[in-house]
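The values are calculated or read from the model by the stated rules, or taken from the named source; none is laboratory data. Since we're looking at a predicted model, the values are computed, not measured. Cβ: placed from backbone, ideal geometry, glycine included. Neighbour counts: every protein chain shown.
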Amino acid sequence: MDIQHQYVLQVADLQVHYGHFQAVKTVAFGVRSGEIFGLLGPNGAGKTSTLSAIEGLVRPNAGQITVAGYNIATHALQARAAMGVQLQATSFQAELTISEIVRLYGGIYGVTISTGYMQQLLEGIELAAAAGKRYGQLSGGQQQRVSLLIATIHQPQLVLLDEPTTGLDPQSRRHLWQRMEQIREQGNGVLLTTHSMEEAEAVCDRIAIIDHGSIIAIDTPEALIEKHRHDPAVVSVSRKGKITLEDVFIGLTGSAIRA
Amino acid sequence: MQKNIPKTATVLAFLLQADFTTQWRNRRSFILVLLVPVIILFTWKSAIDKIGAAFAFSTAISIGLVAIGLMGYPNSIARDREKGVFQRLRVAPVPRWSIMGSRLVVQLAMILLVTLCVYAGGYYFDHITISPAGYVITIFTALLGGAVYLSIGQLIVGLIKNPETVNSTARLIYFLFIMVGILGDLGVLGVQIKQLINWSPYGVVKAILAGGMDHAKWNKDTTMALAATLGYTMVFATIGIRKFKWSAK
């Protein structure tokens, strides 16, 4: 396997503009097989635009994105088939039942869903008893579990998770972390965006911090903390004398509240 | 590892199944859409001899088409866009035209159903019958006429993002079409308004429906109305598709 194929996602010189506003200015990073990669940044830093470009929801102004070896611009369907996506917002037809949604997306991704397999999939997210329940009737946590199931139903090489634990209770959050770790153990890559530094520290193998449309730091959580431990901007925002990932994040991106 | 991408026909079949299921679960609103033309046929029972079967049928079908195109289609598109249903489908290996294509097929099926129900209502309440060829041609003209209203619905969701604004705009246009259309067509609002209504989307659709039912009376004006129907559809659909945004944000 050559170096190209160790990366399930490669982003090179990515630029995304909205009119005259440059949301993403020359971003480059890669996600390896069997890795959970965190993309962190304050509001408006360029995370969502970067993710949207990878998902194919916005057309980049420059740069190249490759998913599992497929260029998103020239082989969009193949690239999208190789990735699973969990979007931030609720995103399935509220009138359809869980099993109907699973069948729909199974069909779209070319996965045959037998009755037994359906049962197995729903048991995996502890929703077997609610198979006939409409999506609109589920709780936020249940909807997130369905959404993650759909994102991984075709066992994609790359899974994109956009702030997946927002609004979840601690039990649901832990359950989601375990699912992410299972994906990693299967040798697939995860690109995670989150505002929770605790989450990033707990599950991410590597982290990129993005601000004002550019990546300002990229490394393992431990290495980032170690590297910036004595940085005056980081030390000045630390609490209780211990440097955390959150201190590094605020030290690098500033304390000002973003819109 | 190479991923299996299903054939477009397979994807479309799954989308259609989901969209028809959604339509079935929302059947109450469709029954309301259906009730208006059937009530018109019922209440006009005693006037059929005066106004003619073709007028009654074409008016009832037109009203059903207006309701589907202006009330059903844009509201469902605006609501699903707001929820992010389209964005979720767009990140899957699905050709984008198939997402909307499936929605439109469901609406065309609804148009067919409305037309058949109006036939049944006309026969049951008013004992109206037309020639077998008239029934067949009217189905085609109803599909063409439905396309005009669907394209107006597309124009509305293309120009307006907010689902509440889409809903209120669609209601307003629906009201204008129905009230001004029927009253103007009957000549109550004067000759000039009647002329205007005749060449509006409401008037041209009604003309091709009436022409289809009694094809012996199909004349130059009906052909012009057919051309105007196609023209309106192309213009509204082109603007609506070009301006359409998949996300409400």
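Taking B:Ala133 as the residue in question, decide whether it is over 29 Å from B:His215 (Cβ atoms) and in contact with a helix residue (DSSP H, G or I) (Cβ under 9 Å, 6 or more places away or on another chain). For B:Ala133, the condition - over 29 Å from B:His215 (Cβ atoms) and in contact with a helix residue (DSSP H, G or I) (Cβ under 9 Å, 6 or more places away or on another chain) - is not met.
The listed residues are A:Arg145, A:Arg59, A:Arg134, and the only one of them that is out of contact with any helix residue (DSSP H, G or I) (no Cβ under 6 Å at 6 or more places or on another chain), modelled with pLDDT of 95 or more and among the charged types (D, E, K, R) turns out to be A:Arg134. Got at least one residue in region B:149-167 being of a type in the set (Lys, Arg) and assigned to a helix (DSSP H, G or I)? Taking every residue of region B:149-167 in turn, none turns out to be of a type in the set (Lys, Arg) and assigned to a helix (DSSP H, G or I). Considering only residues that are within 14 Å of another protein chain (Cβ to nearest Cβ) and touching a Lys or Arg at 6+ places or on another chain (Cβ under 8 Å), look in region B:64-77 and name the one that is nearest to A:Leu160 (Cα to Cα). My answer is B:Ile77.
Restricting attention to region A:154-166, report how many residues are under 16 Å from the mean Cα position of the chain (by Cα) and either part of a loop (DSSP other than H, G, I, E, B) or surrounded by fewer than 20 Cβ atoms within 10 Å (Cβ to Cβ) (or both). Counting residues in region A:154-166 that are under 16 Å from the mean Cα position of the chain (by Cα) and either part of a loop (DSSP other than H, G, I, E, B) or surrounded by fewer than 20 Cβ atoms within 10 Å (Cβ to Cβ) (or both) gives 7.
When residues of region B:179-200 are filtered for being of a type in the set (Gly, Ala, Ser) and touching a helix residue (DSSP H, G or I) at 6+ places or on another chain (Cβ under 7 Å), how many remain? Full working, then the answer.
First, the residues of region B:179-200 that are of a type in the set (Gly, Ala, Ser): B:181, B:184, B:187, B:190, B:200.
Narrowing the set further to residues that are touching a helix residue (DSSP H, G or I) at 6+ places or on another chain (Cβ under 7 Å) leaves B:181, B:184, B:187.
Adding up the residues that qualify gives 3.
Against the condition modelled with pLDDT of 90 or more, in a helix (DSSP H, G or I) and farther than 30 Å from A:Pro156 by Cβ, how does B:Met100 come out, does it pass? Taking the combined requirement at face value, the residue does not satisfy it.
Restricting attention to region B:4-15 and to residues that are without any contact (Cβ under 8 Å) to a residue 60 or more places away in the chain and either more than 8 Å from chain A (Cβ to nearest Cβ) or among the charged types (D, E, K, R) (or both), the residue that is nearest to B:Tyr124 (Cα to Cα) turns out to be B:Ala9. Among residues of region A:182-198 that are touching a residue at least 40 places away in the same chain (Cβ under 8 Å) and part of a loop (DSSP other than H, G, I, E, B), those with a Cβ under 6 angstrom from a residue that is crowded, with 21+ Cβ neighbours inside 10 Å and not β-branched (Val, Ile, Thr), sequence gap 6+ or separate chain, pair up as A:Asn188/A:Gln157; A:Thr194/A:Ala200. All conditions in (1) farther than 17 Å from B:Ile152 by Cα; (2) surrounded by fewer than 21 Cβ atoms within 10 Å (Cβ to Cβ) hold for B:Leu108, with the sole exception of (1).
Looking at B:Arg90, B:Arg28, just one residue is modelled with pLDDT under 90, more than 14 Å from the chain's Cα centre (by Cα) and within 14 Å of chain A (Cβ to nearest Cβ), and that residue is B:Arg28.
The rows are residues; the columns are (1) touching an Asp or Glu at 6+ places or on another chain (Cβ under 7 Å); (2) over 22 Å from B:Leu209 (Cα atoms); (3) touching a residue at least 40 places away in the same chain (Cβ under 8 Å); (4) of a type outside the set (D, E, K, R).
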| site | (1), (2), (3), (4) |
| --- | --- |
| B:Gln17 | no, yes, no, yes |
| B:Arg25 | yes, yes, no, no |
| B:Ile39 | no, no, no, yes |
| B:Ile48 | yes, no, yes, yes |
| B:Ala54 | yes, no, yes, yes |
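When you scan region A:30-144 for helices (runs of 4 or more DSSP H) that lie fully inside it, which ones turn up with 2 or more residues that are more than 10 Å from chain B (Cβ to nearest Cβ) and free of Cβ contacts under 8 Å to residues at least 24 places away in the same chain? Don't jump to the end; show me each part of the working.
Details: elements: A:47-55, A:76-81, A:98-108, A:115-124.
Of the helices (runs of 4 or more DSSP H) lying wholly inside region A:30-144, those with at least 2 residues that are more than 10 Å from chain B (Cβ to nearest Cβ) and free of Cβ contacts under 8 Å to residues at least 24 places away in the same chain span A:115-124.
From the list B:Tyr124, B:Tyr202, the one residue that fits, being over 26 Å from B:Ala248 (Cβ atoms) and surrounded by 14 or more Cβ atoms within 10 Å (Cβ to Cβ), is B:Tyr202.
Of the set (1) in a helix (DSSP H, G or I); (2) within 14 Å of chain B (Cβ to nearest Cβ); (3) surrounded by fewer than 19 Cβ atoms within 10 Å (Cβ to Cβ), all apply to A:Ser147 but (3).
Surrounded by fewer than 24 Cβ atoms within 10 Å (Cβ to Cβ) and either at pLDDT 95 or above or among the charged types (D, E, K, R) (or both): is that true of A:Arg80 in this structure? Steps first, please.
On the way: surrounded by fewer than 24 Cβ atoms within 10 Å (Cβ to Cβ): no; either at pLDDT 95 or above or among the charged types (D, E, K, R) (or both): yes.
The answer is no for A:Arg80.
Within region B:209-230, residues that are surrounded by 13 or more Cβ atoms within 10 Å (Cβ to Cβ) reach partners that are among the charged types (D, E, K, R) with beta carbons closer than 8 Å, at six or more positions or on different chains, in the pairs B:Ala210/B:Lys217; B:Gly211/B:Lys217.
Of note, A:Ser255 satisfies the criterion of being assigned to a loop (DSSP other than H, G, I, E, B) and in contact with a helix residue (DSSP H, G or I) (Cβ under 8 Å, 6 or more places away or on another chain). Restricting B:Ala47, B:Ala92 to those that are within 17 Å of B:Leu183 (Cα to Cα) and of a type outside the set (Lys, Arg) reduces the list to B:Ala47.
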